[in-house]
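A short write-up of the structure that comes next.
The values are calculated or read from the model by the stated rules, or taken from the named source; none is laboratory data. Every value quoted in this text rests on a predicted model; they were computed, and no experiment measured them. When we count neighbours, we look across all protein chains shown, and the Cβ atoms used for this are built from the backbone with ideal geometry, even at glycine.
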Amino acid sequence: MGKNNNDLEKVAAIDNEYTKEQYAEFQKQHKQLIFRRRRLAVIFLIAFVIFAFSGFQLMKDYQKLSDFKKQKVETVAESGEMDNKLKRLEQDVALLKDEDYVAKLARSRYYFSKEGEQIYAVPELNGTAYSNNESKQQSSSSEESQPQSHSSSN
């Protein structure tokens, strides 16, 4: 290869009209080639920017979709809880329409009594509160074991 390089340095250009035309044509083609490459590079750069922007938008949309799906799951679970709560409240309303239930509730919570009935307050065991069902079970078991201590008639 070194030999070819030396050979090219030894070659002299002929200075006539034909070589000048050929050299001008070569320069023109070279400029067109550079212009085409630059134009192609700009087109690729614009396409890259568009695809990058679209990709980022797609990722953002995917993230939003994922967040919306999580929110939907939470909302559906919350809706189920609210439906259960609504059913319980509707049952409570139905029970409050029953006069016997309201009378029992007033006697148990506010220590009202029927005529001739005496009420004895039973302290909670170990400072823990019981639900209505547990307290009813406890009172019924204490009534069975000690009928005089809970309620007695005069």
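The set of residues in region 95-120 being loosely packed, with under 10 Cβ neighbours inside 10 Å, among the charged types (D, E, K, R) and not in a helix (DSSP H, G or I) consists of Lys97, Glu115. For Asp92, the requirement of being modelled with pLDDT of 80 or more, surrounded by 10 or more Cβ atoms within 10 Å (Cβ to Cβ) and part of a helix (DSSP H, G or I) is met.
Taking the listed residues Glu9, Glu17, Glu78, the one that is among the acidic types (Asp, Glu) and surrounded by 10 or more Cβ atoms within 10 Å (Cβ to Cβ) is Glu78, with no other qualifying.
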